[in-house]
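The values are calculated or read from the model by the stated rules, or taken from the named source; none is laboratory data. Nothing here was measured: the structure is a model prediction, and the numbers come from that model. Here the Cβ positions follow ideal geometry from the backbone for every residue, glycine too, while neighbour counts run over all protein chains shown. Surface accessibility is based on the protein's heavy atoms, side chains included, excluding ligands, DNA and RNA. Shrake-Rupley method; radii C 1.70, N 1.55, O 1.52, S 1.80 Å.
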Amino acid sequence: PQFAFDVTAAAAHIDALGHVNHKVYIAWAEEAGVRHWRAIASAEDQARWFWVASRLEVDFLRETEPGETVRVVTRVGEPRGARFDRYVRILGADGRIKAKVLYTRALIDAATRRPARGPAALVAQFTS
């Protein structure tokens, strides 16, 4: 399922060009994954598993101005072994895409610290 939250561009997000810095879009994409995980995964699963980034691709399409509120929307694609693609869209109030992020992450077993396929029940919570 899809997960979303709103965020407002603060003064600390603004760069020398007067708009949200590209690093902030990346941080919002990361935050989307963390919030999504915490909203759906049980406390037991959160203790047993964690995520590491293996690839990041970002398309910056439109500026975000100081004080502007955007919606960060994410979903998870089908697993490929221990890897999952997380798709993030950062949308303006008008619904137009400001940035698109493809974030490949690997599921890590906390006990072994090795990539591992997640249990079917866990995976289904994010990909159904």
Of (1) closer than 27 Å to residue 7 by Cβ; (2) part of a loop (DSSP other than H, G, I, E, B); (3) of a type in the set (A, V, I, L, M), residue 111 fails just (1)
Pairing a residue in segment 18-34 that is at pLDDT 95 or above with any residue that is of a type in the set (Gly, Ala, Ser) and open to solvent by less than 50 Å² (accessible area, probe 1.4 Å), where Cβ atoms lie under 7 Å and the two sit 6 or more apart in sequence or on different chains, gives 20/9; 25/99
Of the conditions (1) surrounded by 14 or more Cβ atoms within 10 Å (Cβ to Cβ); (2) of a type outside the set (A, V, I, L, M, F, W, C); (3) in contact (Cβ under 8 Å) with a residue 60 or more places away in the chain, the single one that residue 69 does not satisfy is (1)
The condition of being among the small types (Gly, Ala, Ser) and in contact with a Gly (Cβ under 9 Å, 6 or more places away or on another chain) holds, among 93, 99, 110, 106, only for 106
Subset of segment 8-25, residues crowded, with 17+ Cβ neighbours inside 10 Å and either closer than 23 Å to residue 104 by Cβ or of a type in the set (D, E, K, R) (or both), comes to 24, 25
| message | Taking the conditions exactly as written (at pLDDT 95 or above, touching a Phe, Trp or Tyr at 6+ places or on another chain (Cβ under 8 Å) and among the polar types (S, T, N, Q)), does residue 74 satisfy them or not? | response | yes
